[in-house]
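Structure first, then comments.
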Amino acid sequence: MKFLSVLLLCLSLLPAHAARVETGDERLDGIFEALMGSDFAAKEDAISALAATGHAQRFEWIEGILDGRLRLLKKQKRLVWAEQQGSRYVATDALSGEMLGEFKKRKLKKIAINNAMRRGIRGILATRDLDSEDPAARLSSIQAMLANPSPGQAQLVEPRLASEADPEVRSAMQLVLALGKLGAQARKERLQAVIDVSASLEPAVRQQLQKMTDSDPDAGVRAAAARSLEKIEERVRLFGHLETLFFGLSLGSVLVLAAIGLAITFGVMGVINMAHGELIMLGAYTTYLMQLLLPEHTGLSLLLSIPAAFIVSGLVGIAIERGVIRFLYGRPLETLLATFGISLILQQLVRTLISPQNVPVSNPEFMSGFWQVNSVLSLTYNRLYIILFCLLVFAGLFLILKRTRLGLQVRAVSQNRSMARAMGVHSARVDALTFGLGSGIAGVAGVALSQLTNVGPNLGQAYIVDSFMVVVFGGVGNLWGTLIGGIGLGVANKFMEPWAGAVMAKILILVLVILFIQKRPRGLFPQKGRAAEG
Amino acid sequence: MKASTPMRRLALAVPTAAALAMSTVAQAADTIKVGILHSLSGTMAISETTLKDTMLMLIEEQNKKGGLLGKKLEPVVVDPASNWPLFAEKTRELISQDGVSAIFGCWTSVSRKSVLPVVEELKVPLFYPVQYEGEESSKYVFYTGAAPNQQAIPAVDYLMARGVKRWVLAGTDYVYPRTTNKILEAYLKAKGVAAGDIMINYTPFGHSDWQSIVSDIKKFGNTGRKAAVVSTINGDANVPFYKELGNQGISAEDIPVVAFSVGEEELSGIDTKPLVGHLAAWNYFMSVDVETNDAFIESWHGFIGDEERVSNDPMEAHYIGFNMWVKAVEAAGTADPEAVVDSMIGVTAPNLSGGVSAMMPNHHITKPVLIGEIQDDGQFQIVYSTPGLVPGDAWSDFLPGSKDLIADWRAPLSCGNYNVKTAKCSGQNY
């Protein structure tokens with residue numbers, strides 16, 4: 001009985017019937033039939049066979065297989081280009097270009113590909129791009145060769161070097177050739193090649209040099225390879241440190257962004273606001289809602305989210321201050337409990353009104369990808385923008401506090417409330433506005449965080465501890481302290497992470513901050529003067 | 001003929017059932033109670049709420065078919081609120097106050113460990129639907145999710161057959177990843193992988209800053225020998241992890257990531273275009289193209305009233321577990337927990353990938369292992385499936401402490417951790 005059921009299962013798992021394609025060309029029919037099947041080894045071969053047919057449209061088709069546009073119209077057995085329009089697909093015949101009309105998704109069969117096939121396809125396309133008009137395409141083709149070195153490359157590149165005009169492509173080509181020569185027969189050629197590649201940071205070069213250092217038949221070449229390798233490794237290490245520094249700066253700026261609103265509400269006003277994290281979360285949700293409103297313009301909606309999140313979180317902040325906190329000034333313990341309650345209410349509100357699940361927030365085009373400084377150092381754009389954004393927010397807030405009337409009043413009230421009131425400052429109004437400002441900035445931080453992490457009801461909780469840590473470490477009531485403290489903690493964390501691990505690094509940082517606070521209870525930059533006493 | 005006894009019992013049960021069904025409404029009070037122990041609030045609510053709904057659907061469908069032994073099934077839903085000690089309390093409440101005949105529930109291993117002593121004491125079966133780290137077999141727990149040999153090991157084999165030489169074992173810092181990675185490390189070393197070719201990394205729950213780790217993975221994979229990441233990263237930490245991979249330009253062709261905790265449900269919240277080609281190993285994918293699965297998805301969409309909802313592996317585990325329990329109750333002719341536990345072993349039920357799963361003497365089940373590549377629509381395309389069903393192994397063969405242990409709950413052995421070398425049962429029940 002059991003064997004029978006196992007047998008039945010085996011049968012049911014056998015590939016379903018491969019779909020037939022009728023192109024009129026028997027050879028193509030066979031290739032596409034294999035491609036529509038589910039035997040991936042056969043499909044890989046079919047791709048190579050397709051590239052070898054010499055058919056005028058073969059590269060277009062191969063590209064179409066990669067991006068999923070080339071499909072089979074099941075009933076008609078025709079190979080078509082499928083373009084999505086709304087929920088339906090417009091199909092045009094892939095051979096004749098004839099318009100075939102609109103179809104449901106289910107009528108079209110996609111050619112299933114796996115990673116090995118994707119790699120094969122990219123290899124084929126790279127070879128094609130060697131003769132492309134566009135220098136960028138030629139460069140990426142050469143770089144693909146560098147990333148996956150194979151013996152035949154040098155022969156492909158050599159005849160093209162003389163006619164290459166673009167200097168960047170040229171130097172990449174020379175590197176491919178030098179890499180080829182590292183495996184040359186003649187000792188002299190190898191020795192020269194070892195010296196030629198010593199300026200390159202390509203991983204392929206390092207791998208080859210490592211191999212030669214270990215096992216080249218000639219002692220002189222071995223020593224030269226070792227010297228070149230050492231030189232390269234030294235630079236790689238340097239760039240490694242730079243990368244860690246960049247990671248630290250970006251983590252630090254996230255910490256600063258999360259904490260800077262708190263630096264106002266807690267630092268300047270002295271309110272222990274446990275709902276700070278939820279104000280950040282509201283900012284992130286504003287980004288999400290903005291994207292729902294403008295689904296086609298991710299970039300624009302992100303930019304619009306910044307003022308929108310400021311207003312939403314700011315208004316909620318003012319409501320919290322007017323509704324709850326103003327009755328509790330001077331009673332820190334009760335403020336703590338009340339704002340903690342508010343944070344739970346806000347979380348549940350989001351769960352009920354939107355969803356208990358995380359919501360998807362997409363990144364605009366300019367936020368994805370990376371800036372390749374060289375082959376060992378690349379800086380991701382989203383992090384670069386976050387660092388920039390953090391500095392902008394900081395500068396903006398700094399100007400508001402130092403240069404505007406509101407800023408003056410805020411500072412006056414925080415330094416000496418009764419004196420400020422005696423001078424005619426409406427202190428209750430200033431309290432509300434200050435809290436609103438701090439909350440609004442938290443909302444803006446939420447916009448930034450939505451680009452880095454999950455947007456969900458628990459988003460705020462992940463940042464509340466870090467925020468308090470940064471503000472206390474930097475020195476309560478001091479904006480510069482928050483900036484330096486946040487960046488410092490971020491960099492320290494990232495330099496510790498490689499040898500301590502992510503979990504340990506976080507713990508170590510907390511312990512260090514606790515020890516530091518023991519020594520200097522007022523943080524890095526303690527507030528001076530009379531305000532510090534109160 | 002083995003089947004004769006249960007068949008005869010069934011033959012006896014059918015007229016009784018018919019008679020009961022025809023009797024008056026007064027019988028409605030006479031129900032079989034089924035406990036559902038899934039967190040409906042707190043951090044695990046994201047995953048567990050779906051399973052509660054799945055159970056309600058399965059029970060509703062069974063009741064439409066006339067219930068069980070002529071009685072209606074009555075779901076008793078409690079909310080342990082992602083709070084591990086509360087799981088134990090709620091279990092006690094379900095058994096002692098509500099008198100449930102079986103419990104379907106738990107997600108995290110720590111919640112299961114918290115429930116274990118209670119079901120052992122009160123002798124009511126728990127059906128646990130999630131893939132877990134193994135190293136356990138309790139008389140009162142039926143493990144319908146995957147053991148490591150039904151998920152992790154086949155996934156590693158798949159990659160190894162495709163030329164992967166260097167391995168990153170990345171996980172969230174808790175018991176499931178740590179045990180799974182220990183097993184995998186021992187397995188890889190047994191296969192001749194050098195210690196220098198294995199990189200192990202743990203991160204806290206909800207980790208969001210993946211820059212340095214992804215950069216390390218990139219360096220690790222840049223040596224000219226193919227590398228892959230085996231990920232036991234849990235929950236929503238996966239989203240920033242995959243985002244960072246995409247941002248640093250690591251594609252699935254360079255360094256594929258095979259994940260054991262990323263399924264349709266987890267992908268439904270994110271844009272999967274940058275993830276195309278990364279892998280996941282499960283015993284079920286929503287994209288499985290067989291009729292039982294289509295029917296399941298249809299009734300799920302009908303029940304939940306949302307065509308966009310996905311189905312996933314733990315849901316299938318509950319589907320199998322529930323149907324096995326139904327069969328065992330029918331075979332035993334009673335819903336009495338002890339009798340049902342005894343008749344569970346050997347029970348078979350269809351799974352959703354076109355085969356039939358069986359409950360084995362070690363309280364784990366047989367399942368196919370499927371490997372899928374993530375597609376741009378958030379679904380998986382199956383690129384590999386084991387030729388037959390893989391029986392779940394409670395005690396890993398690759399850990400020094402457990403390779404001599406077996407679990408067999410049939411008489412006369414009746415032991416969850418029998419040492420074949422010393423011929424002794426440790427006496428511990430789990």
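The values are calculated or read from the model by the stated rules, or taken from the named source; none is laboratory data. All values derive from a computational prediction rather than experimental measurement. Neighbour counts are summed over all protein chains in view; Cβ atoms, including those assigned to glycine, are modelled from backbone coordinates with ideal geometry. Heavy atoms of the whole protein, side chains included, go into the accessibility calculation; ligands, DNA and RNA do not. Shrake-Rupley method; radii C 1.70, N 1.55, O 1.52, S 1.80 Å.
Given a 1.4 angstrom probe, I'd like the percentage of the accessible area of segment A:16-116 that is carbon and sulfur, rounded to a whole number.
Of the solvent-accessible surface of segment A:16-116, carbon and sulfur hold 48 percent.
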Go through A:413-419, A:430-436 and give me the packing order, highest mean Cβ count within 10 Å leading. A:430-436, A:413-419
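Ignoring any ligand, DNA or RNA, what whole percent of the accessible area of chain B comes from carbon and sulfur when the probe is 1.4 angstrom? Don't skip to the end; give the middle numbers.
Values: 8570 of 15540 Å².
That fraction is 55 percent.
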Pop a pseudo-label 7 angstrom from the Cα along the beta-carbon direction at both residue A:480 and residue A:195 and give the gap in nm to one decimal. 5.4
Explain nothing, just the number: relative contact order of chain A, from Cα pairs under 8 Å at least 6 residues apart, as a whole percent. 15
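With a 10 Å radius around each residue's Cβ, average the other Cβ atoms per peptide and rank A:166-175, B:413-422, highest first.
Numbers: A:166-175: 17.4, B:413-422: 15.6.
Descending mean neighbour count gives A:166-175, B:413-422.
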Taking a ≥ b ≥ c as the square roots of the Cα gyration tensor eigenvalues, with a/c under 1.5 meaning rounded and otherwise prolate when a/b beats b/c or oblate if not, the protein assembly as shown comes out oblate
Find the sum over both chains of the accessible area lost when A and B are paired, probe 1.4 Å, and report it in Å² to the nearest 100. 3900
If you look at just the Cα atoms of segment A:425-468, how large are its Rg and its Dmax in Å? 13.4, 42
Check: chain B dipole with +1 on Lys, Arg Cβ and -1 on Asp, Glu Cβ, in debye: 1480
Which parts of segment A:108-140, residue by residue, lose 50 Å² or more of accessible area when the rest of the protein chains are there, as against the chain isolated (1.4 Å probe)? A:115, A:118, A:119
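For residue B:424 and residue A:90, FRET efficiency with R0 = 51 Å and r from the beta-carbon atoms, rounded to 0.05? Working shown, then result.
Details: r = 71 Å, r/R0 = 1.38.
With a Förster radius of 51 Å, E is 0.15.
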Assuming 0.36 nm per residue, please report the length gained on full extension of the stretch residue A:402 to residue A:427 beyond their Cα-Cα distance. 7.2 nm
In segment B:232-347, taking the dipole from +1 charges on Lys and Arg beta carbons and -1 charges on Asp and Glu beta carbons about the Cα centre, the listed residue (B:256, B:318, B:268) farthest towards the positive end is B:256
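With all protein chains present, how much of the accessible area of segment A:130-217 (probe radius 1.4 Å) comes from carbon and sulfur, to the nearest whole percent? Before the final figure, lay out each step's value.
Values: 2460 of 4730 Å².
Using a 1.4 Å probe with all protein chains present, segment A:130-217 comes out at 52 percent carbon and sulfur.
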Give the calculated FRET efficiency between residue B:77 and residue A:337 to the nearest 0.05, with a Förster radius of 22 Å applied to their Cβ-Cβ distance. 0.10
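How large is the accessible surface per residue of the protein assembly as shown, computed with a 1.4 Å probe and reported in Å² as a whole number?
Working: 41900 Å² over 964 residues.
It amounts to 43 Å² per residue over the protein assembly as shown.
Of B:191/B:219; A:75/A:110; B:182/B:421; B:191/B:421; A:77/A:109; B:65/B:327, which sit over 21 Å apart, Cα to Cα? The partial results should precede the final answer.
Numbers: B:191/B:219 24 Å; A:75/A:110 14 Å; B:182/B:421 23 Å; B:191/B:421 24 Å; A:77/A:109 10 Å; B:65/B:327 14 Å.
Correct reply: B:191/B:219; B:182/B:421; B:191/B:421.
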Quick check for me: using +1 on Lys/Arg Cβ and -1 on Asp/Glu Cβ, what's the dipole size of the protein assembly as shown about its Cα centre, in debye to the nearest 20? 2080
For segment A:288-354, which GluC sites (Glu not before Pro) are in a loop by DSSP, counting at most 12 other Cβ atoms within 10 Å? A:296
Heavy-atom accessible surface, probe 1.4 Å, ligands and DNA/RNA ignored: which residues of segment A:439-454 lose at least 30 Å² versus the isolated chain? A:452, A:453, A:454
Please report the projected area of chain A's Cα convex hull averaged over all directions, in nm². 37.1
Chain B: Cys lacking any partner C-beta under 4.7 angstrom: B:106
Helix A:58-67 versus the longest principal axis of chain A: what angle, 0 to 90°, nearest 10, using Cα atoms? 30
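What dipole magnitude, in Debye to the nearest 20, does segment A:16-116 give about its Cα centre under +1 on Lys/Arg Cβ and -1 on Asp/Glu Cβ?
My answer is approximately 640 debye.
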Rounded to a whole number, the mean other protein chain Cβ count within 10 angstrom for residues of B:306-318 is 0
7 Å from Cα along Cα→Cβ at both residue A:184 and residue A:218: what's the point-to-point distance in nm? 0.9
Quick one: angle between helix B:211-220 and the longest Cα principal axis of chain B, in degrees between 0 and 90, rounded to 10, please. 70
Please give the helix A:298-323 orientation as an angle from the longest Cα principal axis of chain A, in degrees from 0 to 90, rounded to the nearest 10. 20
Point-to-point label distance, residue A:395-residue A:171, nm (Cα→Cβ direction, 7 Å offset): 3.2
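Can you give the FRET efficiency for residue B:186 and residue A:98, using 1/(1 + (r/R0)^6), R0 = 51 Å, r = Cβ-Cβ distance, to the nearest 0.05? If you can, show how the numbers build up before the last one.
On the way: r = 60 Å, r/R0 = 1.17.
Approximately 0.30, to the nearest 0.05.
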